[in-house]
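Here the structure is laid out as structure tokens; the discussion comes afterwards.
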Amino acid sequence: MTSRITRTVTAGAFAIAALMPLAWSTRGAAAQPGRDATWTARTPWGDFDLQGEWTSEGEYGVPLERPSQYGTRQFLTDAEYEKRIDDVRLRDERDLARVDVLAGKVEGPNAPIPHWREYNTTSRRTSLVVEPADGRLPARTPQAKRLLPQRCGTLQGGEPCDSYEDYGLGVRCIVHGGGFPDAMFPAVYNANFRFLQSPGNIVITYELIHDTRVIPIGVAPAPNAPWKPSVPSYMGTARGWWEGTTLVVESSGFKAATRGASEQLRLIERFTRTSRDTIAYGVTFIDPATWTSAWTAALDLKKRPDDAGVFEYACHEGNYGLEHMLTVSRMLDRAPGRK
């Protein structure tokens, strides 16, 4: 049902403003085995080359927050990693086993069938969160939005919902998860990206929920000058610049702030190509209205063959799924005894 798509994107000039200094860098990631901190391939116009197809699927299953037994340790020991890989083998044997879909013998009514699943856990990380040092999210402020469980419209929350507004952004085919940057974190499939560069721009296409970001590249902004986009959007408005071999991208103006963040949320992403086949990625959440300090998550992007393909994500195939779920809800409303 999917088809190969090609996108040609152009962008004009973009005004550059400021950014607070950040403490986190990719130095810890670059110290891992197999890194080559001297990798400095460049585009014909002189930027460091991030182009190609990449995936974060190797980080699938790594918890966002670090289990307490690991303390401040970011990576598994050899023995712990061997145990993780053995658990992954058992998981894959269970999840990818052939099923008789006509007989309804699947693990749950909303479970993806095996040939949909696309993951290959290889990460040694103990958590995606790397700052604070304990790998845990900082405390939420007293005025932060309450994180209420979604009443319906998720694989766990049940169906159907009363209104389309009750469904999550992913179910409505708007953006993966609760909003950007969830698209960077691997789900059960389609954790793939295509990076394209041109003089003054980088374009990132996300396979999951079919988003494309055009990021203008300029000079580093002056410290502490205010910058806030006037029009909010689900992926926010981005601007980027180079710090040595690292592409830094600041985004703001989010229509849906993920993880209960406020409209003040700013994201600082860092992309550093540490070898021919690896990009170290980090994203820092800055939102004093929601968290008592900034926090950073990190993961690795692994190179894919350039002809592997980042495909169209058809989602509801015209969003018929949402229409059908709401139709069932109206039928249940008319059922005898339904209040």
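Rule-based calculations on the coordinates, nothing more; no lab input. Quick caveat, the model's predicted, so the values are computed rather than measured. Cβ atoms come from the backbone with ideal geometry, glycine included; neighbour counts cover every protein chain shown.
What the table below lists for this structure:
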| read-out | value |
| --- | --- |
| Rounded Å value of the spacing that divides the Cα centres of segment 298-316 and segment 125-146 | 28 |
| Pairwise FRET efficiency - THR122 versus ASP49, Cβ, R0 = 25 Å, nearest 0.05 | 0.60 |
| Length released on extending from ALA41 to THR212, taking residue separation times 0.36 nm less the Cα-Cα span | 59.1 nm |
| Extension gain from ARG73 to GLN264, taking 0.36 nm per residue of separation minus the Cα-Cα distance | 65.7 nm |
| Segment 116-242 shape via C-alpha gyration tensor axes, a/c threshold 1.5 | rounded |
| GLU82/ALA103 FRET efficiency (R0 35 Å; Cβ-Cβ; nearest 0.05) | 0.45 |
| Three-way shape label, segment 195-320, alpha-carbon gyration tensor, a/c 1.5 | oblate |
| For segment 207-219, Karplus couplings with θ = phi - 60° (6.51, -1.76, 1.60), whole Hz, Gly/Pro x | 5, 7, 6, 6, 9, 9, 10, 9, 10, x, 10, x, 7 |
| Amide hydrogen neighbours beyond the local backbone of VAL175, cut-off 5 Å, H modeled | GLY170 |
| Sites PHE311 and MET331 - FRET efficiency at Förster radius 22 Å, r taken between beta-carbons, to 0.05 | 0.05 |
| Dipole in debye (nearest 20) - segment 226-302, about Cα centre, beta carbon charges: Lys, Arg +1; Asp, Glu -1 | 120 |
